[in-house]
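Working notes, structure below.
Bear in mind these aren't lab numbers, they're just calculated from the coordinates by the rules spelled out. Since we're looking at a predicted model, the values are computed, not measured. Here the Cβ positions follow ideal geometry from the backbone for every residue, glycine too, while neighbour counts run over all protein chains shown.
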Amino acid sequence: MFVDSLSGRVTGLVKTLGKVQRRMICAASASVFASGCAQRGILDPVGPVASAEKTILINSTAIMLAIIIPTMIATAAFAFWFRRGNTKAKYRPDWEYSGAIELVVWSIPALTIMLLGGIAWISSHDLDPGKPLKSSKPAIHVQVVSLDWKWLFIYPDQGIATVNQLVIPQGTPVSFDLTSATVWNSFFVPQMGSMIYTMPRMTTHLNLQADKPGAFQGLSAHFSGDGFPGMQFKVQSLPADQFAMWAQGERGQGGALDAKAYAELSKPSSYVKPITYGAVVPNLYEAIVAGRQPQNPVPPPLHNPPAPPAGV
Amino acid sequence: MSTVNEAPAVGLTHHGSEDTGLGNRGPQSKSIVVPYGFWLFVLSDMVLFSALFATYASLVHATDGGPAGHQLFHRSLVAVETGALLASSFVCGLAVIAAKQKNMLWTQVLLFATGLLGFVFLAIEIYEFRSMIAEGAPPQRSAFLSSFFTLVGCHGAHVTAGLLWLGTMMAQIWTKGFQPHVGRRLLCFSIFWHALDIIWVAIFTIVYLIGTLP
Amino acid sequence: MFGRLTWDAIPFNQPIPLITSLVVLMALAVTAIWITRNGWWGYLWNEYFTSTDHKKIGIMYVVLALLMLVRGFADAIMMRAQQSLAIGNSQGYLPPEHYNQIFSAHGTIMIFFMAMPIIIGFMNFVVPLQLGVRDVAFPTLNNVSFWLSASGALLINVSLFVGEFARTGWLAFPPLSEKAFSPGVGVDYYLVALQISGVGTTLTAVNFVTTILKIRAPGMSYLRMPVFCWTSLASSLLMLAAFPVLTATLAMLMLDRYLGFHFFTNDGGGNSMLYMNLIWVWGHPEVYILVLPAFGIYSEVVSTFSGKPLFGYRSMIFATLAICILSFTVWLHHFFTMGAGADVNAVFGIASMLIGIPTGVKIYNWLFTMYGGRVRFTVPMHYAIGFMFTFVIGGLTGILLAMPPVDFVVHNSLFLVAHFHQVIIGGVVFAVMAGYTYWFPKAFGFTLDERLGKAVFWCWFIGFHLAFMPLYVLGLWGATRRMQHIPDPTWAPYLDVAFVGAAIIGLGIVLTVVQLLYSIKTRDQRRDVTGDPWDGRTLEWLTLSPPPHYNFAVLPDVHGEEAYWTRKQTAIKQDQLIAEPNYQPIEMPLHSPTGVIVAFFASVCGFAIIWYIWWLAILGLVGAFAVFVWYAWRDEHEHVIPLEEVIANARERRRIRKEHLHNLSQSV
């Protein structure tokens, strides 16, 4: 308990420092997406999936603390009261069993687990990543490919693609199909909720939604090699009409993501600045999953990623 | 199983007491302990094979457009090698009986026969592997073939190790005679040899029989 | 001629591994010279390296583990320093290709070459003594097992000077660990070292299951065995059942890398998900292999230092066996995010939570062991009580992680890292420190300094919390694991606190060494004259400290639970020992250099396989086989301890005990 309160004070102090630092860094940042510098992940959810998961996290913790805190108090109390120097405590040198106590100590964890188990069953089904989200709006589709060491996002319905930048309409479900071109990664936008693995020659499915506008951090949550720390990406949630304008505007602009461009993209690189492709060769994602696109050439053994850009 | 004259495991000279609780009379003798430990090792080896069987089951259809089991396996050949291995086990059992009777000639003859039949098994298996490789079905062709060669090959590697052990046992029996520790080792060898048979029956069924079902 | 080994393998142009290698080589040289100067090689060879005595083998395991703790901790503090420095524009001092080797080595070393050997070391030292017997079932095999573990540890450390280590994390998931994405020698070092030491572990399992089930003192039925022996049995059964899966899986990865097979590759129909499943089928039981004996240590410590029998003995055994079996049913919780679907995830989530039930029962049983006791706050008891606070939080976070939707946002994050360090440090490391202090006098004949011991405890307790509590917060904030560079500068203060915590743990490790040296220097002040310095309850305290090679002159008759305690109480009440038994000469197994030599050839063969030096690999294999054959040809297996020696030792013991128990009976 002493340790808990101490760490509470430290955390409080640190939070203050954090705020000051956060302001300084945000002020210095030249990034287009200036808001959301300080990442607070699941504790600052922006959509229904993340909110539900945060709730489960907090509720489960509370349920278990209700058991654990009394246990810790009892531990301290028994150890203290029955210390050898305490002549007031009754010494029972042969007391080693009590059916009543056995019943209670098996029941407490069992009942707790039954409760939590029920929550686990229900919530696993409710929050199954592949389950489409309930919404009046139709979902937009995004195909995600993890490369060494950046993220490719293909918008098959809009006919465009981006690298390390995921633009989505606010309040609209996003249905992801995910794969990897090389090794396993894990697509994760903490503020939006669930992550899912990306695996070569396989497709995983994820459904997320951002109800708030803004910029959120995305990353890979499964170690994938030397360029792994550079696999950060930005998610930008725009009001639906602005999203449509953006998609419309990007179409036909910039380069096309054809086989040649994809081969170029496949070369190992890290900390890649966002790219947008105004056209995408049809069925690119399907070809990648089938392994028909050029394999990522073997990265040289001592591959050094370039230094990260200023003001993350 | 233990007799009063039996060497107790690990230098234990206490012969038990009156009050022995719920049936424990002290450390067991070596003739119990050694085979028991060896059985545990064999069980762990079976877990190893289980992992390989599980892998085979997962990858049996992953032929990557290449040849599948029913195109490659020859039931007649497998029948012969199975017969050889089973006969080898039978003869091994006879050898252990001969050893119990301390009959040097028959022990060596039967152990030699065990090895010969085991060698026949291996020869057929090597022939099978070589012809598959020549036909364009090496283990590098597909995941199915990798798992086939590994599962069957692991068993073959165990048989090879067993034959090396067998040769050593024959030499040891010849030079040292039927001493207790030599007898225990022969017993362990025969446990190993029979266990390989059991695993082969599983391989034969799961890989070859099921793999060549019409 | 030398495969792919060239001079380029030596890190001349990489300062950190180069300097580390030089320092280690110098330390080895200094140690070798010091031993030579004192003429100790003969003693070490005869008394330790070739010993088949479970006590000596146990000590060697613990020494190996403590050395590897230093290496593993060095990796840890380097990681903490990097994460404190590499924020914003800074890339820190470790480029990714080094950082990635360091975290991979940290995990591999801590699990396989620190935690496993130290737990096995304690099992070795304590179990035969507690069972009231003279040695394990297969003493020479025991020695071989130790040296195979040492061989694996050697290879891991050689990777620092020659070549590189794996850059894949401690479980080397494909496809990253396949040849296409990790073409260097690193993953091969990892695979070969673990295969060699894995054989050793499987043989240890055979040894201990046989010993515990077949070799116990007369009258010691199953329900009269000490709890540490039960937990050692459960752990050994898990080793027996789980390690072959590791062997098979790593072998398949080796076949992919060496012979171009397609088990887990991206092409040819390979399936990397299969590796994930197989490796965790081993991986989850592995952590219970570590924690069950730790629970056993706590049972011994809490009951001894509460002056009471363990509360709910049968319930503890049932809980232990339940954990043992359940540990094989939960492996999928390590990859909920692989997308197996809601039904599968939910079933495995619930199964994972079920393990919390017997574990919770154990905590309550320890709690009620203290109730009605006379608690003495010795150093081991500090660790036990510290564990009870620390581990339950680790359990809480574990059950959170077992909830699939929660796992979806904290999988692979620093939250996960904090959880498993909490249960491993709070569970296993604290137990090991408690057991080290508790059984040290039995091994060496004097106790460790108490004050320094308490200082070490507080360093671990405070250091652990400072190092890992901030990581829970960062994990919730979206920080993933294995990051060579930190993306969010506002995380810096938390990482700095974590670094301070790691430094305090480092201080604790330094103080452990100081404590040992100081205790050796002042050992005469803390001699364990009676052999029972803690007023113990199990049979190891029946012997003098250290026990003779053969442990007991005559195997004790066991009448009921807590064999030693009841016997002691009777002796105190009657103020006399039991009648002098009938002594006999004792046969004990001979020493053998088999283990050392086999491990030598295994190391040679392993190194050769890693560097593709095929002729040397074959030589190594042939050499190992030749050693087996040579060993098998010996005619002398045992030596006899003469009757006079047995009687002299026994009577000396009786004299000392009589006096000690007489004093106790007067003070009652």
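Sorted on the mean count of surrounding Cβ atoms within 10 Å across their residues, most packed first, peptides C:506-516, C:63-73 read C:63-73, C:506-516.
Placing dummy labels 7 Å off each Cα toward the beta-carbon, the span from A:Leu115 to C:Lys521 is 5.5 nm.
Across the options C:Ala650, C:Ala602, C:Leu621, the greatest Cα extent toward the positive end of the charge dipole of segment C:588-668 (unit charges at beta carbon of Lys, Arg, Asp, Glu) belongs to C:Ala650. Charge tally around A:Ile108: other residues with Cβ under 15 Å, Lys/Arg +1 each, Asp/Glu -1 each, net 0. Against the longest alpha carbon principal axis of chain C, how many degrees, from 0 to 90 and to the nearest 10, is the axis of helix C:492-521 turned? Compared with the principal axis, the helix lies near 30 degrees. Taking 7 Å steps out from each Cα toward its Cβ at A:Trp95 and C:Ile77 produces label points 4.7 nm apart. How high is the relative contact order of chain C, in percent, with contacts defined as C-alpha pairs under 8 Å that are six or more residues apart? Rounded, it is 17 percent for chain C. The protein assembly as shown: D in µm²/s via Stokes-Einstein (Kirkwood Rh, Cα pairs, 4 °C, 1.567 mPa s)? Diffusion coefficient, whole number: 40 µm²/s. Among the residues of C:245-252, the average count of other protein chain beta-carbon atoms within 10 Å of the residue beta-carbon is 5.
Close amide-amide hydrogen proximity is noted between C:His639 and C:Met588, C:Leu590, each under 5 Å apart and 5 or more residues distant or on a separate chain (H modeled in the peptide plane; Pro and chain starts excluded).
When the alpha carbon coordinates of segment A:188-251 are projected onto the principal axes, the ranges are 38, 24, 23 Å, largest first. Axis of helix C:15-37 versus longest Cα principal axis of chain C: the two differ by about 20°, to the nearest ten degrees.
Label-to-label distance, C:Phe2 versus A:Asn86, with points set 7 angstrom from Cα along the beta-carbon direction: 6.8 nm.
If R0 equals 30 Å, the separation of the Cβ atoms of A:Ala263 and A:Asp157 corresponds to a calculated FRET efficiency of about 0.75.
Helices in the protein assembly as shown, meaning DSSP H runs of at least 4 residues, each add -39500 (n - 2.57). Divided by all residues, the mean residue ellipticity at 222 nm is -20000 deg cm²/dmol. Charged side chains reduced to their Cβ positions (Lys and Arg at +1, Asp and Glu at -1) give the protein assembly as shown a dipole of some 2200 debye around its Cα centre. With distances taken between every two different alpha-carbon atoms, segment A:140-290 has a Kirkwood hydrodynamic radius of 15.1 Å. Per residue, the convex hull spanned by the Cα atoms of chain C amounts to 158 cubic angstrom.
For B:Leu111, neighbours were defined as the other residues whose beta-carbon sits under 15 Å from its Cβ, and their charges (Lys and Arg +1, Asp and Glu -1) total +4.
Between amide H atoms placed 1.01 Å from N, distances below 5 Å from C:Met220 occur with B:Gly26, C:Val558, all of them 5 or more places distant or on a separate chain. Counts of other chain beta carbons within 10 angstrom of each beta carbon in peptide C:95-104 average 4.
Using θ = phi - 60° in the Karplus curve 6.51 cos²θ - 1.76 cosθ + 1.60, the 3J(HN,Hα) couplings for segment C:84-95 round to 6, 8, 8, 10, x, 7, 7, 9, x, 10, 10, x Hz; x is entered for Gly and Pro. Short to long, the 5 Å bins of the Cα pair-distance histogram for segment C:451-549 hold 3, 11, 14, 13, 12, 11, 9, 8, 6, 7, 5, 2, 0 percent of all pairs. Per residue, the Cα convex hull of segment B:67-214 amounts to 95 Å³. Stretching the chain fully between A:Glu286 and A:Thr55 yields a gain of 79.5 nm (0.36 nm per residue, less the alpha carbon separation). Amide H contacts of A:Val280: A:Leu257, each under 5 Å away and 5 or more positions distant or on a separate chain (H built 1.01 Å from N in the peptide plane; Pro and chain starts excluded). Relative to the longest principal axis of the Cα atoms of chain B, the long axis of helix B:180-203 lies at roughly 30 degrees. Each other residue within a Cβ distance under 15 Å of A:Leu147 adds +1 if Lys or Arg and -1 if Asp or Glu, for a net charge of +1. Computed from the C-beta positions of B:Leu94 and B:Lys176, the FRET efficiency with R₀ = 22 Å rounds to 0.55. The calculated FRET efficiency for C:Gln666 paired with C:Val510, based on their beta-carbon distance and R0 = 51 Å, is about 0.75.
In plain terms, the chain from C:Val24 to C:Leu590 could stretch by 200.4 nm, reckoned as 0.36 nm per residue minus the Cα-Cα distance. The mean number of partner chain beta-carbon atoms within 10 angstrom of a residue's beta-carbon across peptide C:353-365 is 6.
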